[in-house]
1. Scan region B:311-326 for residues that are surrounded by 20 or more Cβ atoms within 10 Å (Cβ to Cβ), small (G, A, S) and away from chain A (no Cβ under 14 Å) and jot them down.
2. So, in region B:239-269, of the ones that are assigned to a loop (DSSP other than H, G, I, E, B) and on the phi > 0 side of the Ramachandran plot, which residue ends up surrounded by the most Cβ atoms within 10 Å (Cβ to Cβ)?
3. Among residues belonging to region B:61-85 that are surrounded by 17 or more Cβ atoms within 10 Å (Cβ to Cβ) and within 14 Å of chain A (Cβ to nearest Cβ), point out the one that is modelled with the lowest pLDDT.
4. Quick check on my filter: what residues within region C:523-533 are over 26 Å from the mean Cα position of the chain (by Cα) and assigned to a loop (DSSP other than H, G, I, E, B)?
5. How many of the residues in region B:142-167 are free of Cβ contacts under 8 Å to residues at least 60 places away in the same chain and either assigned to a strand (DSSP E or B) or buried (at least 18 other Cβ atoms within 10 Å of the Cβ) (or both)?
6. State whether the residues of region C:121-138 include one that is touching a His at 6+ places or on another chain (Cβ under 8 Å) and within 14 Å of another protein chain (Cβ to nearest Cβ).
7. Which of the residues belonging to region A:46-92 are more than 10 Å from every other protein chain (Cβ to nearest Cβ) and not in a loop (DSSP other than H, G, I, E, B)?
8. Looking only at region C:154-204, how many residues end up being facing another protein chain (nearest Cβ under 9 Å) and not in a loop (DSSP other than H, G, I, E, B)?
Amino acid sequence: MLSPQSLALIDQEVAKYPPEHKQSAVMSALRIAQIELGWLSRDTIEFVANYLAMPAIAAYEVATFYNMYDLAPVGRNKVTLCTNLPCQLQGADKIAQHLQAKLGIGFGETTADGRYTLKEGECMGTCGHGPLCLHNNHKMHTQLTTESVDKLLDEMK
Amino acid sequence: MSLNVPNHKVCSWTQDYDQPASLATYTAHGGYEALRKILAEKTPAEDIIAQVKTSALRGRGGAGFPTGLKWSFMPRGYAGDKYVVCNTDEGEPGTFKDRDILLYNPHQLIEGMLIAGYTLGAKAGYNYIHGEIFEQYESWQQALEEARAAGFLGKNILGSGWDFDLFAHHGYGAYICGEETALLESIEGKKGQPRFKPPFPASFGLYGKPTTINNTETLASIPWIMRFGGQAFLELGKPNNGGSKLFSVSGHVNKPGNYEVRLGTPFAELLEMAGGVRAGHSLKAVIPGGSSAPVLPADVMMACTLDFDSIAKAGSMLGSGAVIVMDDSVCMVKALERLSYFYFEESCGQCTPCREGTGWLYRIVHRIEHGQGRPEDLDELLRIGRNIGGNTICALGEAAVGPVASFVKHFRQEFEYHIENKRCMVGH
Amino acid sequence: MPLIEIDGQQLEVAAGSTVMDAAQRAGIYIPHFCYHKKLSIAANCRMCLVEVEKAPKPLPACATPVTDGMKVSTRSAKAITAQKGVMEFLLINHPLDCPICDQGGECQLQDLAVGYGGSASKYQEPKRVVKDKDLGPLIATDMTRCIHCSRCVRFGQEIAGLMELGMPGRGEHTEVMPFLETQVSHELSGNVIDLCPVGALTSKPFRFSARPWELSRRRSVSPHDGLGANLALHVMNNRVLRATPVDNEAVNECWLADRDRFSYQALTAEDRLTRPMVREGDRWIEVDWQKALAQAAGALKVIRDTHGAEAIGFLASPHQTVEEHYLFAKLAQGLGCENLDHRLDQADCSALPGAPWLGMPVAELDGLDRVLLIGSTLRKEQPLIAQRLRQAVKRGAQLNVVHAVDDDLLCKVTHKLITRPSGLARALAEIARALAEAGRDLGSVAAAVAGIAVSDEARAIAASLLSGERKAVLLGAVARQHPHRVDLHRLAEAIAGASGATLGVLVDSADAVGAAAVGCLPGPRGLGAAAMVAQPRKAYVLLGIEPYLDAHDVAAMRRALESSELVITLSAFKGAAQHYAQVILPVVPFAETDGAFVNMEGRVQNFRAAVKPAGESRPAWKVLRVLGNLLGLEGFAFDTAEAVRQAALPDGEASVRARLDNRAPVGELLLQAAVDGLERLGETPIYQGDMLARRAPALQATRDSEHAKLCWARGDLIQRLGLVEGQPVRIVQEGGESVMKLGRDDRLADGVVRVAGSHPLSSKLGPRYDAARLEKM
């Protein structure tokens, strides 16, 4: 199910916690699995649960509780735009409209070519630099303008 | 500016140097000296706690609980493992100060956690980092490796015979994990649902073991306090409000960003540091302590000083020091709609009033914003809010109600206009 | 002890109790949903908010510890406002479908809404709709009704030991569900039906069949394992429509196993016998009772008079009532026949000094510190005993296991010896030897185990048993059915004696203790069940028996019955009776008769008929009474079941206690060599142990029942034999063969083939624990 590299990364996470608390690594393990496979399928979640000796339903609870996990396939580039109040005050609405118009999709949708998925995000703890977005969960782009968004989208293959 | 010369920049001083995050920069300016001294002198835990109490350091995460007092709750003679946990799950809209500590001053946090671990007799420490700032999660882990390589972490730290280790744990998109017991659940690999208290974490914390949880800025302030003494820290601020504090200024200002100022500084000064409101606009309202804090109208806010007591007196709270500035272009209904959506979206769903009530609040505000408000809606919002507030397991219930109640209280005519005219007073 | 005041009432309560505990002590009801006395505190429903003096906010009574001098108001304006506020929130997204909800009439939400809800909803927004979940054949769902109290989830985690249900999602999108594409399969799963305070989880077999207020509740006792769970049978129009638990802390607490809960379905099974039948040549004709009884009595007399009473064999099911066991024994004895037994599934029926029993009260299991469990497929034999031991382990008990399969007991097993069935005695001998090496006295087995080499794990089990205070060595059904039963018993006795543990038998049928106590056992010169099969009799009288399922060696049983001249069967169900019987006398199951079962701790639990007998069927005790009279025997003049019981157990439970005895038969250990080659593990599956369970469609649709249809082997064995998992395989034993689908179970001991006993698919096979071969089809 997962590559030796991913399993090694999960093992590193497991090592952070007391041996009887492997479950503590489930958030990292799901993240690592998602990075390798693109999204979290039922079987992936079950695999991770078994790997950490925890009930599958408990792993599924985690996967559905934290909103950076993708439980359905997403585009190659997931763009999560924060639209919360500070970002909104700093122009996130305009960026949201621009993104949706440019990609022809709404929040929660993926372009037909599978290149982009657009998501609306909650506070990312970087409000002073808004408007901002996350690219594939881990790379943040700040102080967005319509021009910088255009450039960004072009760079995303 | 350093940990060799006292200055009001407790946590942000490294930004005055090139490579602010490096171990070299930190150690070149007094970093890890407090730890060295404690380990060399085997400073008794009581002495350290006494210094922290003297400093009047209050939790920087939002609740403002006295840190020294919190530390004194940890059981002393406990035979099993104990833990120190740092809360960097910074997701309260408006707050972005802890991110900068990870980014620019990671070692001061590490040193602070080490001193806390030593003082509280902990076996290990975990730093829970907001999922969306994953780059800072990775960079802080690198800082840990640097510290480990330099002998500050692991077995026999600095030859003292003391073992302690630190780890980073990342969130993955759940505001509620900023609540300390939800955070513990999350570290345990579960849904981040707050625990009811009692028992408190000091007796039943991570893995059921005694645990102390402090905010990032709180822990990062500890090395400063141990270098220069609790009294010096207290004197940075004012009585009962010791120290300086990072304020995250966002919204309608010219220079949004973090500003570290002494507690007790007039709000007007902070506003000026942040470049003031945009040209051609006037200040309308300020949320002074993160989105959960009640909003204050401009005139009230301009009369406040930045400390826990002054803002509480004005009817809001200093919270995490997140100052959201709104100028006269803001539609308060729309602003509240976004905040109400946030609490609805982020309610963990565990307890009834919050699970059911936050959705109810949001749907009513949403209707008003979209021209379908009814005259009875405003009183209904307040009534529902009263049934949520105080009746939930954690503070998210109150956090969701705070904005609703204060927006309606201070800007009621704007809401009434919306209901009556099915459009916005501000011209959106 | 803190002194507190609740609603003006002063009381002293134990330190560490909650306000909820204290209120219950004071007889004050505080409304609640998530709180349950057997589950951890969740404090999530918030319905139990009360006002506590000096507390700024209302506090949940369930989670608030009492402190000295605390003043609580459960009905002050502040408390009532909070409670009503919570009720309003609970109702805004709850459907108004009470008229079509099975929970209606026994719904906590409905009841409390009357007291705390408004008459009209102020909620004007769209209501939530939640997709229903398929939880399998036992539990129906209507998830829109769920109020998220999490009782069902906590039950799985804390009581069942298996988290099958969870609450994925967040906020108002949180939903109770099993993991994707799975159902619930735990043997205690039905308890969530009782735990659910609303109509989200209801009984699937009962669905839409009646309203609670139309049902009359009749107390009864579960007729399956030796626990005797206390039941209420819910009856409408002389039909049992469901079974629910009756609280009894000493027995079943507030739980039922699914077997206890759903087996009532069998009461109306298609093959239920309602009229007596006799064979005339190749034809079966229905006759009246008089004729049937006369024919039965006449035929028996003929056999006795021509071949002697020893030509007859009397076999009773251990699931009959104690009165029936008593009269059955009396009938045999009256005829001068000593061939009498209730242990048809045993390979070895040698005599014991008394009635084997648990050796302690059931409730003491929870408090054990050290347990050695021998030859027990515990969860399936004793679902609720497994639950009690799980609680003991949670409190720190060390559970050690000697068995032929490493089944997941859903709790920590400290040490285990997993070995083939014929190696079990050897494993015990090692433990015994380790105790001897630790200086303990093994008594009569000392010499026999002197040369045994001790493995590390056996030594660890011995060490475990040498520590701790309250200890038990428990023998399970596999140990009882096993041909080495006496050796296992002797070794268990020696281990218990040497380690200061109590020896207990996990009695696995409803009245096995009663049957033994009233002498439904071979007489001094009589044959036990195994011998009656091995040495066929001319005639058999069967009570509640399905011989081709119940026998230890079904192949031999077939030969015995086929060679007999007369089989009289007293049975509630037809089954295969027409193949072997000459006279069929329809008797009733437990729900249709007065009677009592004696449970594994020697507790005599009476019950009354909940419904009238089906058709012309009669309680077996009445049929036996008439048979006795027709045969001219003394002492059959009973008018009531109570009168029979009075004769059977003149001193009530004291009469039982006088017979309870767990000593092993006196004699030498044999320590036979292990079987060569593959060996069958032929336990009785959870839903095949008695006539009722076998006929409950819901139970037969469970995963446990599906698993019982497979022949299980370890992956390495499957590979070695060139077999394919999921394909049919031929199982060959001396005397018979069967074809079953092959399943893989790596928890089995080396060389073991798990092929269920008491199962239609294995009903042509030989002994349950004996050599077997697997052949490619």
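1. Residue satisfying the conditions is B:S316 alone.
2. The qualifying residue surrounded by the most Cβ atoms within 10 Å (Cβ to Cβ) is B:G243.
3. My answer is B:G62.
4. Listed by number, the residues that qualify are C:G523, C:P524, C:R525, C:G526, C:L527.
5. Qualifying residue count, region B:142-167: 7.
6. No, region C:121-138 contains no residue that is touching a His at 6+ places or on another chain (Cβ under 8 Å) and within 14 Å of another protein chain (Cβ to nearest Cβ).
7. Selection gives A:F47, A:V48, A:N50, A:Y51, A:N77, A:K78, A:V79, A:L81.
8. The qualifying residues number 9.
The values are calculated or read from the model by the stated rules, or taken from the named source; none is laboratory data. No experiment lies behind these values; they were computed from the predicted model shown. Positions of Cβ are backbone-derived with ideal geometry, glycine not excepted, and every protein chain shown enters the neighbour counts.
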